[in-house]
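The values are calculated or read from the model by the stated rules, or taken from the named source; none is laboratory data. The model shown is predicted, which means the values in this text are computed figures rather than measured ones. Methodologically, a virtual Cβ is constructed for each residue, glycine included, from the backbone with ideal geometry; neighbour enumeration extends over all protein chains shown.
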Amino acid sequence: MTRLLYIEWVKWRRFRPFQILICLYTVLFFLICFGLDDIILDKVIGNLTMGNYSSSIILEEYNPYKFPFAWHTFAFIGKFFKILLAILIINIISYEYQNGTFKQNIIQGLKRGEYLFGKFILVFLLSTYSTLLVCIAAIIGGLSHSTISEINFYENSYYLFLSFLNTFTYLSLSVTMGVIFRNTMTAFVILMLLWFPGDMLWLFIIPENFNMYRPFEVIDELLPFTVHQTSVWKLITVSICYQFFYWMVSYFKMKKDLT
């Protein structure tokens with residue numbers, strides 16, 4: 001595992017798209033979280049204005065930046081930025097195919113399973129990095145908007161795991177798109193088409209009771225705007241099943257490419 005991690009690090013540490021997209025991802029995430037916080041809070045006040053309650057009373061009870069709501073708030077914001085990481089993953093896979101790096105690694109003794117496991121590690125690390133940013137933002141936002149008596153680091157902190165799962169599942173699908181199409185633009189366009197209108201087409205195919213478990217719907221429902229409409233454990237289980245399916249498709253496609 002250490003060897004594979006070192007190989008991935010050597011290959012991508014100076015890869016310009018990697019540096020640019022990671023920096024862009026980090027800057028945009030914190031810019032939206034804290035640069036537009038007044039707009040977000042005004043939106044919350046507008047949605048929750050009730051009777052004669054003042055905005056200060058509403059924010060005291062429902063401020064999305066204070067604990068324990070901060071975990072959910074920043075995890076929800078963070079899920080919209082995973083598309084940048086998806087572009088990065090697709091670009092990396094496509095680059096290796098187009099430049100012959102993939103076959104060269106196999107010729108030099110790297111097994112197909114090891115090569116794919118290297119990408120698994122990369123996806124894991126990017127998902128962990130994404131979750132770490134959410135954690136840092138939630139702590140900063142929570143401490144800034146909560147009183148001492150309101151600070152509770154554990155309540156709702158499970159949204160960190162859901163944030164990781166959300167990103168990991170999406171990036172696993174991105175690996176599959178990269179392996180199948182081998183071209184950054186083609187793979188990304190197909191990924192977007194699978195999301196819309198592709199994900200909506202499932203509504204005409206599967207029974208209504210299973211609508212919640214459509215590929216992209218499951219990813220989205222892990223981090224809903226308000227509350228979960230279905231069991232969290234069911235969503236986690238289905239997400240893991242999708243992950244397994246995506247990695248198996250990638251493995252067998254790679255195996256076919258080398259025969």
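Values computed for the structure shown
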{"read-out": "Residue in region 146-158 that is of a type outside the set (Gly, Ala, Ser), more than 24 Å from Phe181 (Cα to Cα), at pLDDT below 85 and assigned to a helix (DSSP H, G or I) present", "value": "yes"}
{"read-out": "Filter pass, Leu126 being touching a Phe, Trp or Tyr at 6+ places or on another chain (Cβ under 8 Å), touching a residue at least 12 places away in the same chain (Cβ under 8 Å) and either closer than 22 Å to Thr26 by Cβ or of a type in the set (Gly, Ala, Ser) (or both)", "value": "no"}
{"read-out": "Residue in region 192-211 that is farthest from the chain's Cα centre (by Cα), counting only those that are farther than 20 Å from Leu171 by Cα and surrounded by 11 or more Cβ atoms within 10 Å (Cβ to Cβ)", "value": "Ile206"}
{"read-out": "Qualifying position, being more than 20 Å from Arg112 (Cα to Cα), surrounded by fewer than 17 Cβ atoms within 10 Å (Cβ to Cβ) and either charged (D, E, K, R) or touching a residue at least 40 places away in the same chain (Cβ under 8 Å) (or both), among Val218, Val227, Val189, Val232", "value": "Val232"}
{"read-out": "Number of positions in region 173-201 that are in contact with a helix residue (DSSP H, G or I) (Cβ under 7 Å, 6 or more places away or on another chain), among the aliphatic types (A, V, I, L, M) and within 17 Å of Gln98 (Cβ to Cβ)", "value": "6"}
{"read-out": "Cross-chain or 6+ apart pairs with Cβ under 6 Å, region 55-76 first and over 13 Å from Ser144 (Cα atoms), then modelled with pLDDT of 90 or more and of a type in the set (Ser, Thr, Tyr)", "value": "Trp71/Ser157; Trp71/Tyr159; His72/Tyr159; Ala75/Tyr159; Ala75/Ser163"}
{"read-out": "Residue within region 64-84 that is under 30 Å from Thr226 (Cβ atoms), of a type in the set (Ser, Thr, Tyr), at pLDDT below 90 and exposed (fewer than 12 other Cβ atoms within 10 Å of the Cβ) present", "value": "no"}
{"read-out": "One residue from Phe225, Phe245, Phe210, Phe204 being modelled with pLDDT of 90 or more and either farther than 20 Å from Ile92 by Cβ or not hydroxyl-bearing (Ser, Thr, Tyr) (or both)", "value": "Phe245"}
{"read-out": "Candidate set from region 85-108 (those that are over 19 Å from Phe15 (Cα atoms) and among the β-branched types (Val, Ile, Thr)); member that is modelled with the lowest pLDDT", "value": "Ile107"}
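Per-residue answers, yes or no, for (1) in contact with an Asp or Glu (Cβ under 8 Å, 6 or more places away or on another chain); (2) buried (at least 19 other Cβ atoms within 10 Å of the Cβ); (3) farther than 24 Å from Leu191 by Cα; (4) not aromatic (Phe, Trp, Tyr):
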position: Ala86; (1), (2), (3), (4): no, yes, no, yes
position: Ser94; (1), (2), (3), (4): no, yes, no, yes
position: Tyr97; (1), (2), (3), (4): no, no, no, no
position: Thr101; (1), (2), (3), (4): no, no, no, yes
position: Gln104; (1), (2), (3), (4): no, no, yes, yes
position: Gly109; (1), (2), (3), (4): no, no, yes, yes
position: Ser130; (1), (2), (3), (4): no, yes, no, yes
position: Ile136; (1), (2), (3), (4): no, no, yes, yes
